[in-house]
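Structure incoming, see below.
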Amino acid sequence: MQKYKPDYYNDLDKVYSKIWNLLNSGLLNRDAPFHIPVFICGDKNKSDGRIVVLRGVDKKGKIIWFHSDIRSNKVKILKHNPEVSLLFYDKSEKIQLRISGHAKINYQNDVTKKSWKKTAHMSRQCYLGDIAPGFDVSEPTSGLTANVDNLKYTIEESEIGYKNFCVIETFIKSIEWLYLAAKGHRRAYFSLKNNSLEKKWLIP
Ligand SMILES: Cc1cc2nc3c(=O)[nH]c(=O)nc-3n(C[C@H](O)[C@H](O)[C@H](O)COP(=O)(O)O)c2cc1C
C-alpha cells in the first residue's frame, strides 16, 4: 500500500473531482480499470452483476451509460426494477466506487441514433445475431453466421443490428467511495439527488 497521502485524502471536494476524473479516464482509455464496471440489477428474489463497457459520462447531468442488446435478460429485469448499481475498482489507485441510480433504457430514439453512429464496424458484430442473447442452444455457438463471425460484412450491412441496439443510462443518485491506504482508509458518500450534492465521510 502506498505511504504518501494524495491531495484528496482529507478533502471531500477533491474526492468528488477525482471520481469524475477516474470515470472520464475509464471512458477514454480502454486499458483503464474503470473502462469495464460491473452493472448490477435484480428483482426482490435475485440480483446479478455483469461486466459492461463504459460508453458515456456526463458529470453535469450525473449520467453514465453503456450499450446493450435490447433482447438481453438485463433489459427484462430493468423493466420491472430500474434501481441499479455499478461497481468499479482500480487496483493501482486503490479506489472502489459504488454508484447507485435509476436506469433508463433508450431504444430507437435520439440517444441510440447518436451512439449507434459512433459504434465501430467491429463492435456492431454483437448486434448482428438472429437469436437473442441467453437463449438455450443444443450446440456451442456464437449465434452468428460465419461471415459475421469473421467480420465479413460492410458497414451498410451492419445497419440491421440497430434494431437490437439499446443504450442503458444510469441517472446517478449516490456514489460511495472507498480508498485503501496504509496511513488509514478513507470512505465517503455523495448524494446527488434533487439537484444538490450532499457529501459526508463514513467509517471505512
Ligand atoms: C469485457 C466485457 C465487456 C462486456 N461489455 C458489455 C456491454 O458493454 N454491454 C453488454 O450488454 N454486455 C457486455 N458484456 C457481456 C455481459 O457481461 C453479459 O454477459 C451480457 O450482457 C448478458 O447479460 P444479461 O444476461 O444479464 O443481460 C461484456 C462482457 C465482458 C467480459
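The values are calculated or read from the model by the stated rules, or taken from the named source; none is laboratory data. Remember, predicted model here, so these are calculated numbers, not experimental data. As a convention, Cβ positions derive from the backbone with ideal geometry for all residues, glycine included, and neighbour counts pool all protein chains shown. Please note that ligands, DNA and RNA were not included when accessible areas were found on the heavy atoms of the full protein model with its side chains. Shrake-Rupley method; radii C 1.70, N 1.55, O 1.52, S 1.80 Å.
Cα atoms only, the chain: Rg and Dmax in Å?
19.0, 56
By what distance, in whole Å, do the Cα atoms of region 16-112 stretch along each of the three principal axes, largest value first?
Extents along the principal axes, in whole Å: 35, 33, 22.
Sort W116, W65, W201 from largest to smallest accessible area, using a 1.4 Å probe on the heavy atoms of the protein chains. Intermediate results must be reported in sequence, preceding the final value.
Numbers: W116 10, W65 60, W201 100 Å².
Output order, biggest surface exposure first: W201, W65, W116.
Now a separate question. Restricting to Cα pairs below 8 Å that are 6+ residues apart, what does the relative contact order work out to for the chain? Please round to a whole percent.
Numbers: 356 pairs, mean separation 45.5, N = 204.
Result for the chain is 22 percent.
Which one, R30, R98, R55, has the greatest fluctuation when you compute a Gaussian network model over the chain with C-alpha springs under 10 angstrom?
Its mean-square fluctuation being the largest, the pick is R30.
Okay, next question. Choose one answer from A32, A103, A146: the residue with the largest mean-square fluctuation in a GNM of the chain with alpha-carbon springs under 10 Å.
Greatest mean-square fluctuation among the candidates belongs to A146.
Positive end of the charge dipole of the chain (Lys, Arg +1 and Asp, Glu -1 on Cβ, about the Cα centre): tell me which of P82, P204, L54 has its Cα farthest that way.
My answer, from the dipole projection, is P204.
Tell me, what ³J(HN,Hα) does each residue in region 120-133 have, in order and in whole Hz, if you take phi through Karplus 6.51 cos²θ - 1.76 cosθ + 1.60 with θ = phi - 60° and put x for Gly and Pro?
5, 3, 5, 5, 5, 3, 4, 9, 9, x, 7, 9, 5, x
OK, next. Given the options Y153, W116, I64, identify the residue whose Cα lies farthest towards the positive end of the charge dipole of region 49-204 (+1 on Cβ of Lys, Arg; -1 on Cβ of Asp, Glu).
I64
In debye to the nearest 20, how big a dipole does the chain give about its Cα centre with +1 on each Lys and Arg Cβ and -1 on each Asp and Glu Cβ?
Working: 34 positive and 22 negative charges, 193 e Å.
I would put it at about 920 debye.
If you build a Gaussian network model of the chain, linking Cα atoms that sit under 10 Å apart, which residue out of I155, I40, I105 swings the most?
Result for the chain, Cα springs under 10 Å: I155 fluctuates most.
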